[in-house]
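J.: Quick one: the structure is below, questions incoming.
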Amino acid sequence: MNIKRIRIFCLLLMAFTVLTGCSDEEEELIGNWTTLGSFDGASRGDATGFVIGDTAYICLGYNAKATALKDLWRYNPGDKTWKRRADFPGEARYAATAFSVGGKAYVGLGFNGNSTTGVFKDFWVYDPRTNKWDSVTSEFPGDARYYAVGETVGDKGIVGTGYDGGSPLKDFYSFTPGTEPGTGTWTAISSYEGSKRYGANVFVIGNYMYLLGGTANDGNPTDMQRYDPRSDKWDKILDLRNTDLTENDDKYDNIPRAYASTFVINGKGYITLGQKTMTLSSTYEYDPTTNIWTERTPFSSSTRSYAVSFSLKNRGFVMTGRSGSSTRFDDFFEFHPSDTNNEYDD
């Protein structure tokens, strides 16, 4: 083979290597995480968050010394400031549950670390107009529990699943507020067909509440359930396992997790962080119009579980959380789903 032919062969080989190398590269994920600095309160994990109108709140949780907390903080997205509000009047706790209805927030259940007397079933209502708390006079009809889910669907609060200190649960209840402070009615509603669980993940899109993940006897349940409060009916809409039936589901095994962070932006649901066999940073987007999950840019800071997350003015936020037995966080992040990832934004 002469020199000219050798050169041509080498050039073709190099071109083939470049082309095949490019075909093996994964497509760059979409979405960008930006830091919003630090939360003004103490670092904590297992805190509780809620949104009233255009304002977000965080309360309770426990710090690095495993001390349960009672403080309440308000976040104003306009001037990006935090302000401390009236402390929670019940016993200090973490892994509590919250929802907001009628311009007020309802916070209850939870655990204070005492395995004998520290599992709660009380609820308290917070009115941001007066900065006052009242006890909810209507007793929660289920067992005391923690790591339950709580969400607002329409004009009702929905609470269910959790851990009673001995076993997981799967019962659900709705709350309709009364006209006087602290009044209202709890009603038992239907439950899904599937595993009992705690540390599950929920978000609301339109008239539906979506439930997935958590911890059960067999690990992390793979079913994704949708609840319609208008018909009091649950539907299993997905099995989050890799099936290779579409190009989107080749990583579905990574979605089910416990103690994750969820929020909604532009009618799509997001899940990030949490635990599987290890602490995760991966982020996924759910489109209810196609019933498909798509992987997005992973969380850009320290991985964690038990963080607070919320949707506010069509934006998604994640803050605080814990990693391991003693690491607690006070940082605060926003996810921009349509932006190109910029590693320098965190």
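Where a number appears in this text, it was derived from the coordinates with a stated rule and is not lab data. Note that the structure is predicted; figures quoted are calculated from it, not measured. Methodologically, a virtual Cβ is constructed for each residue, glycine included, from the backbone with ideal geometry; neighbour enumeration extends over all protein chains shown.
J.: Between (i) 22.5, 95; (ii) 21.2, 70; (iii) 26.4, 93, which matches Rg and Dmax of the Cα atoms in Å calculated for the structure shown?
T.: Recomputing Rg and Dmax of the Cα atoms in Å here gives the entry labelled (i).
J.: Here is a further query. Please state the charge dipole magnitude for the chain, taken about the Cα centre, from unit charges on C-beta atoms (+1 on K and R, -1 on D and E), reported in debye and rounded to the nearest 20. List each step's numbers first, then the result.
T.: On the way: 36 positive and 44 negative charges, 128 e Å.
In total the dipole reaches around 620 debye.
J.: With springs connecting C-alpha atoms under 10 Å apart, model the chain as a Gaussian network and identify which of 271, 292, 158 has the largest mean-square fluctuation.
T.: Its mean-square fluctuation being the largest, the pick is 292.
J.: Return the single residue from 105, 258, 96 with maximal mean-square fluctuation; model: Gaussian network over the chain, springs between Cα atoms under 10 Å.
T.: Among 105, 258, 96, the largest mean-square fluctuation in the Gaussian network model of the chain belongs to 105.
J.: From the residues 231, 252, 125, which one has its Cα farthest along the dipole of segment 31-340 in the positive direction, the dipole being from +1 and -1 charges on Cβ of Lys/Arg and Asp/Glu about the Cα centre?
T.: After comparing all options, I get 125.
J.: Please work out the Cα center distance from segment 262-278 to segment 112-171, rounded to the nearest Å.
T.: 22
J.: I would also like to ask the following. I need the peptides 232-244, 52-64, 324-336 ranked by packing, meaning the mean over residues of other C-beta atoms within 10 angstrom, with the highest value on top.
T.: By packing density, highest mean first, the sequence is 52-64, 324-336, 232-244.
J.: Looking at this model, which pairs from 80/132; 132/196; 70/276 are more than 32 angstrom apart at the alpha-carbon?
T.: 132/196
J.: Based on the mean of other beta carbon atoms within 10 Å per residue, what is the order of 85-91, 195-201, 151-157, most packed first?
T.: Highest to lowest by the protection proxy: 195-201, 151-157, 85-91.
J.: Additional query: Quick check: Cα centre of segment 194-241 to Cα centre of segment 300-314, how many Å?
T.: Each part reduced to its Cα centre gives a spacing of 20 Å.
J.: In terms of Cα to Cα distance under 18 Å, which aspartates and glutamates are near enough to residue 233, apart from those fewer than 8 places away along the same chain?
T.: Counting by Cα, and skipping residues close in sequence, residue 233 has these aspartates and glutamates nearby: 151, 155, 171, 193, 223.
J.: Show that you can apply the helix-only estimate: for the chain, add -39,500 (n - 2.57) for every DSSP H stretch of four or more residues, divide by all residues, and state [θ] at 222 nm to the nearest 500.
T.: Details: 1 runs with 22 residues, N = 346.
That comes out to -2000 deg cm²/dmol.
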